[in-house]
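Worksheet for the structure shown next.
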Amino acid sequence: MYPLSRLPARIAAIAFALSTGAGAVAAADYPTKPIALVVPFAPGGFVHTVAQLFAESMGSALNQSIVVLNKPGANGNLAADFVAKAEPDGYTVFLPTASILTINPHLYRNLQYDVLKDFAPVGLIANTSNVFVVSPSSGIKSFKDLVDRARANPGTISYGSSGSGSIQHIAGESLKRQASIELIHVPYKGIGPAVIDVVGDRLSVVFSDASAIPQIKAGKLVALAVSPKRLDELRDVPAVSEVAAGAGVPDYAPPAIWYGIVAPKGTPKEILATLSAALAKSLKRPDIRDKLLAAGALPADDPSGEAFGKLIAADHARYASMLKTLNITIE
């Protein structure tokens, strides 16, 4: 018979064993109910489209429904906070953009979560291609023309962005600094209105996402250079890396825009592995890859959680330094 003094410790050990056993069983049976895939923007945009695509494909791989849950607001911070505080059971996951996890933390002072501590990476989905576009009537026909025009006519070239601290803002200020030229920043509430103003000759240039491709093909916009590499959809448009040196900015590389999936920190590693495997399986499907490529997105070469975690940490550190150097703040 056990002494009374040892009973509490023995009971605690039994309770711990039961709880960890239950956790292992839950992870082994996962998923047993629908999974919520949280999207930080309203329906209709590219991120929502990607979420729907992977909700279907990953759900099929997991033999379980994945429901897209839109939580727009505060430039993605609202959704990030919601997921960071969710139960780490694998039934709430998040599809953030690069800016939400690696730029916002350096721009917003009162975030209630820590990107590097409160999320567990599932995997990278894709990198998005962006393209510098101008109006045909501008007379600018190449990336070098753009830089030369800005040098020759200081204060006459304006560039649009989806807001202060956005990828487009960083791309513009980096070019401005490296080329020693004067560019006028015009922030918009989204990239769509900026593209419309370039078409209408009210804005000089914008580093647009792939939504500008139809306008380029229709002759309403001139594509100067794409990033990070050439697109099949725009075969004759060079990559920025090919033309930067010729424009006098050999080290210029616009920020990359990527999308991936993360879960709340503390999610069992077995569940993370299950989700990561479903993501990797989805990225191997020809129909998924074709849809991403058609939208100007480059499927991830390595969708593993480990690789994605390293990317998040590296970009988080890089943007901390870059934003400080460029003196970019929330206006």
Query raised in the report: Can Asn63 be described as more than 13 Å from Ile261 (Cβ to Cβ) and without any contact (Cβ under 8 Å) to a residue 12 or more places away in the chain?
Result: yes
Query raised in the report: Do we find a residue being buried (at least 17 other Cβ atoms within 10 Å of the Cβ), of a type in the set (D, E, K, R) and either within 20 Å of the chain's Cα centre (by Cα) or over 19 Å from Ala51 (Cβ atoms) (or both) anywhere in segment 270-286?
Result: no
Report task. Go through segment 192-268 and tell me which strands (runs of 3 or more DSSP E), entirely inside it, have 3 or more residues that are closer than 26 Å to Gln52 by Cα. Result -> 257-264
Requested in this report: Examine segment 53-65 for a residue that is open to solvent by less than 60 Å² (accessible area, probe 1.4 Å), touching a Pro at 6+ places or on another chain (Cβ under 7 Å), over 30 Å from Arg318 (Cβ atoms) and at pLDDT 80 or above, and state whether such a residue exists.
Outcome: yes
Query - Test result for Pro264, over 23 Å from the mean Cα position of the chain (by Cα) and either farther than 28 Å from Lys144 by Cβ or open to solvent by 70 Å² or more (accessible area, probe 1.4 Å) (or both) - result: no
Query raised in the report: Quick one: Thr32 ticks every box in (1) open to solvent by 40 Å² or more (accessible area, probe 1.4 Å); (2) within 20 Å of Ile257 (Cα to Cα); (3) among the β-branched types (Val, Ile, Thr) bar one, so which box is it?
Result: (2)
Query raised in the report: Of the residues Val206, Val226, Val198, Val240, which single one is over 23 Å from the mean Cα position of the chain (by Cα) and crowded, with 19+ Cβ neighbours inside 10 Å?
Result: Val198
Query - Boolean, Arg235 is farther than 25 Å from Ser99 by Cα and open to solvent by 70 Å² or more (accessible area, probe 1.4 Å) - result: yes
Report summary line: Scanning segment 24-66 for residues that are outside any helix (DSSP H, G or I), over 24 Å from Ile100 (Cα atoms) and touching a strand residue (DSSP E or B) at 6+ places or on another chain (Cβ under 8 Å) gives Pro34, Gln64, Ser65
Query raised in the report: Which one is farthest from the chain's Cα centre (by Cα) among residues in segment 289-318 that are of a type outside the set (Gly, Ala, Ser), part of a helix (DSSP H, G or I) and surrounded by fewer than 19 Cβ atoms within 10 Å (Cβ to Cβ)?
Result: Asp290
Query - Lone qualifier among Ser129, Ser138, Ser158, Ser142 - being modelled with pLDDT under 95, of a type in the set (Gly, Ala, Ser) and touching a strand residue (DSSP E or B) at 6+ places or on another chain (Cβ under 9 Å) - result: Ser129
Query raised in the report: Would you say Asn127 is under 30 Å from Ala280 (Cβ atoms) and of a type outside the set (A, V, I, L, M, F, W, C)?
Result: yes
Query - Residue in segment 178-191 that is surrounded by the fewest Cβ atoms within 10 Å (Cβ to Cβ), counting only those that are part of a helix (DSSP H, G or I) and in contact with a helix residue (DSSP H, G or I) (Cβ under 9 Å, 6 or more places away or on another chain) - result: Ala179
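The values are calculated or read from the model by the stated rules, or taken from the named source; none is laboratory data. As the structure is a computational prediction, the values presented were derived from the model and not from experiment. Here Cβ is always computed from backbone atoms with ideal geometry, including for glycine, and neighbour counts include all displayed protein chains. Note: areas computed on protein heavy atoms with side chains; ligands, DNA, RNA excluded. Shrake-Rupley method; radii C 1.70, N 1.55, O 1.52, S 1.80 Å.
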